[in-house]
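These notes are about the structure you will find just below.
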Amino acid sequence: MARNKRKEQLLEIVNERLQTLAYGSALGLIVGWVLYIGKDIFVPIVFSFIVVYVIIGIARLLERVPLLGRAPPPARYGVSMLIIALGLAAAVVLVIGSTGTVAALAPRYQESLLVAIQRTAAFFRIEDEPTWTTLRQQVLARIDLQGFVAATFASVSSLAWTAIVVVLYAGFLLVERTLFATKVACLSGDPRAVARILGITADINAQIGSYLAVKTLLGILLGALSWLVMISVGLELAAFWAVLIALLNYVPYFGSIVGVFFPVLMAVVQFGVTSEVLAILLPLALIHFVVGNFLDPYLLARSLNLSPFVILVSLTVWVGLWGVPGAFVAVPITAIIVIVFSRFAGTRPVAVLLSRTGELRSGRS
């Protein structure tokens, strides 16, 4: 009889776990579907939260400035928002100006690219001249760089409007930030539940804020060093590529590859297959290698605790859901999920598997 009872209890536990897994999988699919069809709505909202983290981080740094340190928090937040708005406006103006430059120089770039491909083919003796001419007529003659630039300009205009919406959302989030604790207290009369929610929020704010602050500083460092390399060689649109490299630093793994690829491709188009290309490729690759393999792990060791495999999978998932914007928010969202899961006994094992070391700073519930 005792054995039968144990078997029945074991079967009940297994059934409960299977039901929980099935319900969780169904809920995950539903949430993923909602996120996919509503990406135009959710993307600005998520980025507004990221902007709020950056605003608060800058406001805390302003406390160390002699005059601004004595100003009330709303004033520091206003100055921080002004700095971010000016930075976004400068980036948009820079991109629009660069687009106009590319449109004017598109014919020369296309001819230079053709010459570089011809030299490369001749060097490796891949094809003779008649076949290469046919290839040029069939492939390169169909490349419409000016049309591509026009499409890029339209994308930039849409990006500028999205940036305005994000800043607007961030402003309202800052206004309501001080009322969050009061709202949470009104949700439940249980002090333990309120303390748990506030504890999770504080943990998220600390870890995500630290991560974004470090990534922002590293991005600025990468962009500045890359700009010095490109401007010393004489690469055109060096400031634009530097801004792009700084932004791509938020994208794990692939950001460094893309950040090196485009300036090198630009060097091939501008200079051809010459020593200037190596003068840009080697220093940029070295800078990204040092920052990505030494500075980044050292400075971020205490901010997030995510498995590299989990980061790669989350990057794939969020890019599939939201496209390019998903690559920038994949790591913060995954980190938030791990923090929340770590605070509940039922989901804590999942958080342990998603973490890098298995040791979680969040306490058990």
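Residues in segment 188-196: is at least one part of a helix (DSSP H, G or I) and either modelled with pLDDT under 80 or aromatic (Phe, Trp, Tyr) (or both)?
Step one: filter segment 188-196 for residues part of a helix (DSSP H, G or I), giving 191-196.
With either modelled with pLDDT under 80 or aromatic (Phe, Trp, Tyr) (or both) added as a condition, the list becomes none.
No, the conditions are met nowhere in segment 188-196.
Tally up the residues in segment 241-290 that are over 18 Å from residue 325 (Cα atoms), part of a helix (DSSP H, G or I) and of a type in the set (Gly, Ala, Ser), please. Let's see the steps before the verdict.
Step one: of segment 241-290, the residues over 18 Å from residue 325 (Cα atoms) are 241-242, 260-290.
Applying the additional criterion that residues be part of a helix (DSSP H, G or I) yields 241-242, 260-271, 275-290.
Subsequent filtering for residues that are of a type in the set (Gly, Ala, Ser) retains 242, 267, 275, 279, 285.
Total satisfying the criteria: 5.
Mind listing just one residue for me: the one in segment 56-69 that is of a type outside the set (A, V, I, L, M, F, W, C) and over 19 Å from the mean Cα position of the chain (by Cα) and, of those, modelled with the lowest pLDDT? So that I can check it myself, show each step before the final result.
To start, the set of residues in segment 56-69 that are of a type outside the set (A, V, I, L, M, F, W, C) comprises 57, 60, 63-64, 66, 69.
Right, trim to over 19 Å from the mean Cα position of the chain (by Cα) and you get 60, 63-64, 66, 69.
On the way: 60: 75, 63: 78, 64: 75, 66: 76, 69: 70.
Once the filter is applied, the top-ranked residue is 69.
Any residue in segment 312-323 that is more than 22 Å from residue 355 (Cα to Cα) and touching a residue at least 40 places away in the same chain (Cβ under 8 Å) sitting within a Cβ distance under 7 Å of a residue that is open to solvent by 60 Å² or more (accessible area, probe 1.4 Å) and in a helix (DSSP H, G or I)? List the pairs, counting only those 6 or more apart or interchain.
Partner pairs satisfying both residue conditions: 321/36; 321/39; 322/39.
Give segment 261-285 a look and list any residue that's under 30 Å from residue 333 (Cα atoms) and either aromatic (Phe, Trp, Tyr) or open to solvent by 20 Å² or more (accessible area, probe 1.4 Å) (or both), or say none.
261, 262, 285, listed by residue number.
Somewhere in segment 234-252, is a residue more than 30 Å from residue 58 (Cα to Cα) and of a type in the set (Ser, Thr, Tyr)?
Restricting attention to segment 234-252, the residues satisfying the condition of being more than 30 Å from residue 58 (Cα to Cα) are 234-236.
So of that shortlist, the ones also of a type in the set (Ser, Thr, Tyr) come out as none.
No, every residue in segment 234-252 fails to be more than 30 Å from residue 58 (Cα to Cα) and of a type in the set (Ser, Thr, Tyr).
What number goes with the only condition from (1) under 30 Å from residue 49 (Cα atoms); (2) among the β-branched types (Val, Ile, Thr); (3) in contact (Cβ under 8 Å) with a residue 24 or more places away in the chain; (4) open to solvent by 20 Å² or more (accessible area, probe 1.4 Å) that residue 291 does not pass?
Answer for residue 291: the failing condition is (4).
Just one of 268, 258 is within 21 Å of residue 212 (Cα to Cα) and β-branched (Val, Ile, Thr); which is it? Working first, answer last.
On the way: 268 fails: within 21 Å of residue 212 (Cα to Cα).
It is 258.
Just to be sure I understand the filter: pairs with C-beta atoms under 7 Å, separated by 6 or more residues or on different chains, first member in segment 70-96 and at positive phi and open to solvent by less than 60 Å² (accessible area, probe 1.4 Å), second member in a helix (DSSP H, G or I) and modelled with pLDDT of 75 or more. Which pairs pass?
Within 7 Å, no pair qualifies.
Kindly establish whether residue 231 is in a helix (DSSP H, G or I), open to solvent by less than 20 Å² (accessible area, probe 1.4 Å) and among the β-branched types (Val, Ile, Thr). Spell out the reasoning first.
Values: in a helix (DSSP H, G or I): yes; open to solvent by less than 20 Å² (accessible area, probe 1.4 Å): no; among the β-branched types (Val, Ile, Thr): yes.
Answer is no for this residue.
Name the single residue that is farthest from residue 248 (Cα to Cα) among those in segment 316-330 being assigned to a helix (DSSP H, G or I) and not hydrophobic (A, V, I, L, M, F, W, C). Please lay out each step first, then the result.
So in segment 316-330, the residues assigned to a helix (DSSP H, G or I) come out as 316-322, 324-330.
Remaining after also requiring not hydrophobic (A, V, I, L, M, F, W, C): 316, 320, 325-326.
Numbers: 316: 16, 320: 18, 325: 11, 326: 12 Å.
In this case the residue turns out to be 320.
Within segment 1-55, restricting attention to residues that are among the aromatic types (Phe, Trp, Tyr) and under 18 Å from residue 324 (Cα atoms), which residue is nearest to the chain's Cα centre (by Cα)?
Just the residues of segment 1-55 that are among the aromatic types (Phe, Trp, Tyr), to begin with: 23, 33, 36, 42, 47, 49, 53.
Then keep just the ones that are under 18 Å from residue 324 (Cα atoms); that gives 33, 36, 42, 47, 49.
Working: 33: 21, 36: 18, 42: 15, 47: 10, 49: 13 Å.
My answer is 47.
Collect the residues in segment 236-270 that are in contact (Cβ under 8 Å) with a residue 60 or more places away in the chain and more than 16 Å from the chain's Cα centre (by Cα), keeping them in residue-number order.
Correct list: 236, 237, 239, 240, 268, 269, 270.
If you take the residues in segment 318-331 that are of a type outside the set (A, V, I, L, M, F, W, C) and either surrounded by fewer than 21 Cβ atoms within 10 Å (Cβ to Cβ) or touching a Cys at 6+ places or on another chain (Cβ under 8 Å) (or both), which one is nearest to residue 28 (Cα to Cα)? Before the answer, list the steps.
First, the residues of segment 318-331 that are of a type outside the set (A, V, I, L, M, F, W, C): 320, 323, 325-326.
Now restrict to residues that are either surrounded by fewer than 21 Cβ atoms within 10 Å (Cβ to Cβ) or touching a Cys at 6+ places or on another chain (Cβ under 8 Å) (or both): 320, 323, 325.
Values: 320: 15, 323: 19, 325: 20 Å.
Only one residue fits best here, namely 320.
For residue 343, are the conditions met, namely being open to solvent by less than 40 Å² (accessible area, probe 1.4 Å) and in contact with a helix residue (DSSP H, G or I) (Cβ under 9 Å, 6 or more places away or on another chain)? If you could, list the steps in order and put the result at the bottom.
Details: open to solvent by less than 40 Å² (accessible area, probe 1.4 Å): no; in contact with a helix residue (DSSP H, G or I) (Cβ under 9 Å, 6 or more places away or on another chain): yes.
The answer is no for residue 343.
Out of (1) over 24 Å from residue 57 (Cβ atoms); (2) touching a residue at least 12 places away in the same chain (Cβ under 8 Å); (3) of a type in the set (A, V, I, L, M, F, W, C), what's the single condition that is false for residue 228?
(2)
Can you confirm whether segment 208-217 contains a residue that is modelled with pLDDT of 85 or more and open to solvent by 70 Å² or more (accessible area, probe 1.4 Å)?
Within segment 208-217, not a single residue is modelled with pLDDT of 85 or more and open to solvent by 70 Å² or more (accessible area, probe 1.4 Å).
Being part of a helix (DSSP H, G or I), of a type outside the set (A, V, I, L, M, F, W, C) and either open to solvent by less than 40 Å² (accessible area, probe 1.4 Å) or at pLDDT below 85 (or both): is that true of residue 349 here? Full working, then the answer.
Values: part of a helix (DSSP H, G or I): yes; of a type outside the set (A, V, I, L, M, F, W, C): yes; either open to solvent by less than 40 Å² (accessible area, probe 1.4 Å) or at pLDDT below 85 (or both): yes.
In short, yes.
Please find, within segment 19-49, the residue that is surrounded by the most Cβ atoms within 10 Å (Cβ to Cβ) out of those that are under 30 Å from residue 177 (Cβ atoms) and of a type in the set (Gly, Ala, Ser). Full working, then the answer.
If we filter segment 19-49 for residues that are under 30 Å from residue 177 (Cβ atoms), which is where we start, we get 27-28, 30-32, 34-49.
Within this subset, residues satisfying the condition of being of a type in the set (Gly, Ala, Ser) are 28, 32, 38, 48.
Values: 28: 10, 32: 13, 38: 11, 48: 19.
Among residues in segment 19-49 that are under 30 Å from residue 177 (Cβ atoms) and of a type in the set (Gly, Ala, Ser), the one surrounded by the most Cβ atoms within 10 Å (Cβ to Cβ) is 48.
The values are calculated or read from the model by the stated rules, or taken from the named source; none is laboratory data. Quantities reported herein were computed from a predicted structural model and do not represent experimental measurements. Every residue, glycine as well, gets a Cβ built from its backbone with ideal geometry; the counts of neighbours run over all protein chains shown. Just so you know, the surface numbers come from the protein's heavy atoms only, side chains and all, with ligands and any DNA or RNA stripped out. Shrake-Rupley method; radii C 1.70, N 1.55, O 1.52, S 1.80 Å.
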